[in-house]
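Participant: Quick one: the structure is below, questions incoming.
The values are calculated or read from the model by the stated rules, or taken from the named source; none is laboratory data. As the structure is a computational prediction, the values presented were derived from the model and not from experiment. Note that each Cβ is placed from the backbone with ideal geometry, even for glycine, and that neighbours are counted across all protein chains shown.
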Amino acid sequence: MTMTNHDLIKSILSSHVYDVAIETPLDAAKQLSDRFRNNIFLKREDLQPIYSFKLRGAYNKIAQLSPEARAKGIIAASAGNHAQGVAFSARKLGIKATIVMPKTTPSIKTKSVQRLGGKVILHGDAYNDAYDHASQLVAKHGYTFVHPYDDWDVIAGQGTVGLEISQQLRDIDAIFIPVGGGGLMAGVAAYFKYIYPNTRIIGVEPSDAACLKAALEAQSRVILSEVGLFVDGVAVKQIGERPFEIAKTCIDEVVTVSTDEVCAAVQDIFEDTRAIAEPAGALALAGLKRYIQTNKWEGKNCVAILSGANLNFHRLRHISERSEIGENREALLAVTIPEAAGSFKKFCKLMGRRAITEFNYRYANPDKAVIFVGLELEGLENEREQICNQLIQNGYPVVDLSNNEVAMLHIRHMVGGPSDLATEEQLFRFEFPERPGALMQFLNKLGTKWNISLFHYRNHGADFGRVLAGVQVPTAQRAQFQSLLTSLNYHIVDESNNPAYRLFL
């Protein structure tokens, strides 16, 4: 079914969301505004009863069901904020709700849904598995399926965010919207382009999950082969059909950002509001920062939608580490210094008053030492390049590892060195669903035919685990080993030629 923008605007204006949702404030981000010389505002959807905008669309859909549909009950497939929005809405309306969630869903999320009165069914390892099972239950029991984004009533509910922004601030130059499946983007973009066509509507996606950008470039709803999992709230392989209809005429631009930029935006939000956003919640601000810097904007009125704050507390450790890189406040370097008494002191003297944030070293060579060092930056343009040049001019060979995933995720937490015993070693970086027993399952799948010569795993409090593994694979068995890796169905990157690995491990 298609819907004209005029009809969608009417649906937004007549939405039922305020039976449960609040009109959230549009807060001025004063520190960010001063820093970036623009007027930056945050739409605080983290203040909703379930700490996310998802309540709006879910309730608007469910509230309009017929008495017959309500009696049969509703169902949704979700591992995140949509699940809580459906459960909350169903409890408010006295409707039976079933939520199908992947088995990989952290217990904090399943318990939240159960606490809101939803019946949780765990099925499969990914969202698609949960979705397929929910579809089977719809056919079997006659439930109404509440889609997280590809539904006009859901889109209209999310569009009330745009309605509120238009009433809270005039003369908006640009609105930055996080994009996953596209429901929020579609509702806000349709409303603003209808009422204020000169306001730029900019979608923001993680660079490793940019399904809308890919679809607009191809003029077709392409399916990404894989998506990054860090910004889990928008980790969607294909933009919704209905949101894409709207995006083609209402979206001015799509900005993509890195994991580190998202982490920096989480920190920015905390420093300005003392709120702790989830990665998807900070995504729009990360895009806003990149956009105004790239386009050299000044004095503009810019709005970023802070879409949610359902964050596992233990993820903050990882976010804090990465935010310094994302904000250009820290450099990670591999520096070669003489293996002699006083060398470290001489190196520190060369760095002057610049703070050393970390220093990792293992004795491995009688003549020279390769140190892993973190240095505090002031955020100046080309600062890392200038430091590297300074070191080289003073006789210190250096490799900049500031954007090296292996260095940031693993090596900075490891102390070791090359091993003469680890012959024919290949290095791989894995991501796999995180749940009790997942690490053991990973090892079982890897098997015992090939020797694991290096292994680093660190729990980041996320929905997925990260492993760095060295495996001794004879050349004649490389093809067989590659077939095993393919069968694991994990996100795998061959890091055998990574400079950080070559220097330190």
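Participant: Might you let me know whether region 347-357 holds any residue that is assigned to a loop (DSSP other than H, G, I, E, B), at negative phi and among the hydroxyl-bearing types (Ser, Thr, Tyr)?
Facilitator: no
Participant: Among the listed residues Leu421, Leu380, which satisfies the condition of being more than 27 Å from Ser323 (Cα to Cα), in a loop (DSSP other than H, G, I, E, B) and of a type in the set (A, V, I, L, M, F, W, C)?
Facilitator: On the way: Leu380 fails: more than 27 Å from Ser323 (Cα to Cα).
That would be Leu421, the only listed residue that is more than 27 Å from Ser323 (Cα to Cα), in a loop (DSSP other than H, G, I, E, B) and of a type in the set (A, V, I, L, M, F, W, C).
Participant: For region 16-29, what are the residues that are buried (at least 18 other Cβ atoms within 10 Å of the Cβ) and in contact with a Pro (Cβ under 9 Å, 6 or more places away or on another chain)?
Facilitator: Once the filter is applied, which keeps residues that are buried (at least 18 other Cβ atoms within 10 Å of the Cβ) and in contact with a Pro (Cβ under 9 Å, 6 or more places away or on another chain), region 16-29 yields Val20, Ala21.
Participant: If I ask for residues that are under 13 Å from Phe53 (Cβ atoms) and of a type in the set (D, E, K, R), which ones from region 152-168 would you list?
Facilitator: The one that is under 13 Å from Phe53 (Cβ atoms) and of a type in the set (D, E, K, R): Glu164.
Participant: Determine whether Ala79 is in contact (Cβ under 8 Å) with a residue 60 or more places away in the chain and in contact with a Pro (Cβ under 8 Å, 6 or more places away or on another chain).
Facilitator: Yes.
Participant: Another question about this same structure. Can you report the number of residues in region 309-333 which are β-branched (Val, Ile, Thr) and more than 29 Å from Lys111 (Cα to Cα)?
Facilitator: 1
Participant: Now for a different question. Looking only at residues that are in contact with a Pro (Cβ under 8 Å, 6 or more places away or on another chain) and in a helix (DSSP H, G or I) in region 104-145, which one is surrounded by the most Cβ atoms within 10 Å (Cβ to Cβ)?
Facilitator: Only one residue fits best here, namely Ala130.
Participant: Is it the case, given these coordinates, that Asn389 is surrounded by fewer than 17 Cβ atoms within 10 Å (Cβ to Cβ) and more than 17 Å from Glu330 (Cβ to Cβ)?
Facilitator: yes
Participant: Considering only helices (runs of 4 or more DSSP H) fully contained in region 28-73, which possess at least 3 residues that are at pLDDT 95 or above and touching a His at 6+ places or on another chain (Cβ under 7 Å)?
Facilitator: Hits in region 28-73: 54-63.
Participant: Out of all the residues in region 131-167, which are charged (D, E, K, R) and either over 21 Å from Lys10 (Cβ atoms) or free of Cβ contacts under 8 Å to residues at least 24 places away in the same chain (or both)? Outline the logic, then answer.
Facilitator: Here is the first cut: in region 131-167, the ones charged (D, E, K, R) are 132, 140, 150-151, 153, 164.
The answer is Asp132, Lys140.
Participant: Across region 168-202, which residue is surrounded by the fewest Cβ atoms within 10 Å (Cβ to Cβ) among those that are within 25 Å of the chain's Cα centre (by Cα) and free of Cβ contacts under 8 Å to residues at least 60 places away in the same chain?
Facilitator: Applying the filter and picking the extreme gives Arg200.
Participant: Suppose we filter Leu42, Leu32, Leu13 for residues that are aliphatic (A, V, I, L, M), closer than 23 Å to Gly162 by Cα, touching a residue at least 60 places away in the same chain (Cβ under 8 Å) and surrounded by fewer than 16 Cβ atoms within 10 Å (Cβ to Cβ); which single one remains?
Facilitator: From the options Leu42, Leu32, Leu13, the qualifying one is Leu13.
Participant: Further question: For region 227-245, state whether one or more residues are at pLDDT 95 or above, polar (S, T, N, Q) and outside any strand (DSSP E or B).
Facilitator: No, because not a single residue in region 227-245 is at pLDDT 95 or above, polar (S, T, N, Q) and outside any strand (DSSP E or B).
Participant: Within region 274-299, count every residue that is touching a residue at least 24 places away in the same chain (Cβ under 8 Å), surrounded by fewer than 18 Cβ atoms within 10 Å (Cβ to Cβ) and more than 25 Å from Asp208 (Cα to Cα).
Facilitator: Residues of region 274-299 that are touching a residue at least 24 places away in the same chain (Cβ under 8 Å), as a first pass: 275-293, 297-299.
Restricting the remaining residues to those that are surrounded by fewer than 18 Cβ atoms within 10 Å (Cβ to Cβ) gives 293, 297-299.
From what is left, the residues that are more than 25 Å from Asp208 (Cα to Cα) are 297-299.
Qualifying residue count, region 274-299: 3.
Participant: Another one. Of all the residues that make up region 340-376, how many are without any contact (Cβ under 8 Å) to a residue 12 or more places away in the chain, within 24 Å of Ile325 (Cα to Cα) and loosely packed, with under 12 Cβ neighbours inside 10 Å?
Facilitator: 3
Participant: Restricting the search to region 325-375, which residues are farther than 30 Å from Asp420 by Cβ, among the small types (Gly, Ala, Ser) and at pLDDT below 80?
Facilitator: Residue satisfying the conditions is Gly326 alone.
Participant: From the list Gln48, Gln114, Gln64, exactly one residue is without any contact (Cβ under 8 Å) to a residue 40 or more places away in the chain and either in contact with an Asp or Glu (Cβ under 9 Å, 6 or more places away or on another chain) or not assigned by TED's automatic domain parsing to the domain that holds Val188 (or both). Which is it?
Facilitator: Matching residue, one of Gln48, Gln114, Gln64: Gln114.
Participant: Oh, and also: Can you tell me how many residues within region 205-225 are more than 14 Å from the chain's Cα centre (by Cα), of a type outside the set (S, T, N, Q) and surrounded by fewer than 24 Cβ atoms within 10 Å (Cβ to Cβ)?
Facilitator: Of the residues in region 205-225, 10 are more than 14 Å from the chain's Cα centre (by Cα), of a type outside the set (S, T, N, Q) and surrounded by fewer than 24 Cβ atoms within 10 Å (Cβ to Cβ).
Participant: Name the single residue that is surrounded by the fewest Cβ atoms within 10 Å (Cβ to Cβ) among those in region 452-477 being more than 25 Å from Ser320 (Cβ to Cβ) and without any contact (Cβ under 8 Å) to a residue 24 or more places away in the chain. Walk me through it before giving the result.
Facilitator: Initial filter on region 452-477 (more than 25 Å from Ser320 (Cβ to Cβ)): 452-454, 469-477.
Among the residues that remain, those that are also without any contact (Cβ under 8 Å) to a residue 24 or more places away in the chain are: 452, 476.
Working: Ile452: 13, Ala476: 7.
Restricting to residues being more than 25 Å from Ser320 (Cβ to Cβ) and without any contact (Cβ under 8 Å) to a residue 24 or more places away in the chain, the top hit is Ala476.
Participant: Just a yes or no: is a residue in region 295-318 of a type outside the set (D, E, K, R), in contact with a strand residue (DSSP E or B) (Cβ under 8 Å, 6 or more places away or on another chain), in a strand (DSSP E or B) and not assigned by TED's automatic domain parsing to the domain that holds Gly180?
Facilitator: Among the residues of region 295-318, not one is of a type outside the set (D, E, K, R), in contact with a strand residue (DSSP E or B) (Cβ under 8 Å, 6 or more places away or on another chain), in a strand (DSSP E or B) and not assigned by TED's automatic domain parsing to the domain that holds Gly180, which makes the answer no.
Participant: Determine which single condition Asn81 fails, assuming it passes every other condition in (1) modelled with pLDDT of 95 or more; (2) polar (S, T, N, Q); (3) crowded, with 21+ Cβ neighbours inside 10 Å.
Facilitator: (1)
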